[in-house]
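Inspection log for the structure reproduced underneath, given as structure tokens.
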Amino acid sequence: LLECEVMHLFVRPGIYVQGVPGLRGKRLNLGAPNSGAAVIAAEILKFIGLEEGRDYQNAALDYKALRNVPASEMPDGVFSLSPLPSPMGERLVQQYGYRLMELPCGESLALRKPYLEEASIPANTYSVDPPVPDKKARSVGTRAVLIANSSVSKIAVRRLLKVLYE
């Protein structure tokens, strides 16, 4: 069992002040199609009552493609699934002024989806002025599991873990 990856939702400041209702009609980036981030982001949005195509448009960009999007074409919201802190999130907050929206449904989703759990993001993780988040923010987390055949070299497993955690 590896460390918890936390779902982040970074949004433009105008959406942040509106909360969840501000997501309606917006262009959101859930991540690359069929990726873990996209699957979990879709679960969260469905749980809070938002449906793709009806309530929001999915930009469906992987993180590499998102780095190459001109500022004027950035999505209104970006989901990021990563250990804390999210490198993508740091860039979105520092470069584009995005804010972190709380996702307070982790505990409830964990009752329905055993691979999800309640998670939190400490205050000021991404910025002190303005504070992002301004207080401890609840979110949704998931844990990756590494399963290897007994014949796999222990050195290979160590190298993989080193790559994952550096």
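The values are calculated or read from the model by the stated rules, or taken from the named source; none is laboratory data. Remember, it's a predicted structure, so these values are computed and weren't measured experimentally. As a convention, Cβ positions derive from the backbone with ideal geometry for all residues, glycine included, and neighbour counts pool all protein chains shown. The protein model used for the area step is the full one, side chains on, heavy atoms only, and it has no ligands, DNA or RNA in it. Shrake-Rupley method; radii C 1.70, N 1.55, O 1.52, S 1.80 Å.
Any idea which residue in region 1-30 is surrounded by the most Cβ atoms within 10 Å (Cβ to Cβ), counting only those that are closer than 30 Å to LEU161 by Cβ and at pLDDT below 95?
Pass one, region 1-30, residues closer than 30 Å to LEU161 by Cβ: 1-10, 29-30.
Right, trim to at pLDDT below 95 and you get 1-5.
Numbers: LEU1: 7, LEU2: 12, GLU3: 12, CYS4: 14, GLU5: 21.
Looking at the filtered set, the residue picked out is GLU5.
In the condition set (1) in contact with a Gly (Cβ under 9 Å, 6 or more places away or on another chain); (2) among the acidic types (Asp, Glu); (3) over 26 Å from ASP129 (Cβ atoms), GLU43 is compliant with all but (1). Taking region 68-79 as the range and being farther than 17 Å from ALA38 by Cα, not polar (S, T, N, Q) and not in a loop (DSSP other than H, G, I, E, B) as the test, the residues that pass are ALA71, GLU73.
Within region 40-68, residues that are within 22 Å of PRO114 (Cα to Cα) reach partners that are open to solvent by 40 Å² or more (accessible area, probe 1.4 Å) and among the small types (Gly, Ala, Ser) with beta carbons closer than 8 Å, at six or more positions or on different chains, in the pairs PHE47/SER108.
In the condition set (1) closer than 22 Å to GLY106 by Cβ; (2) at pLDDT below 95, TYR63 is compliant with all but (1).
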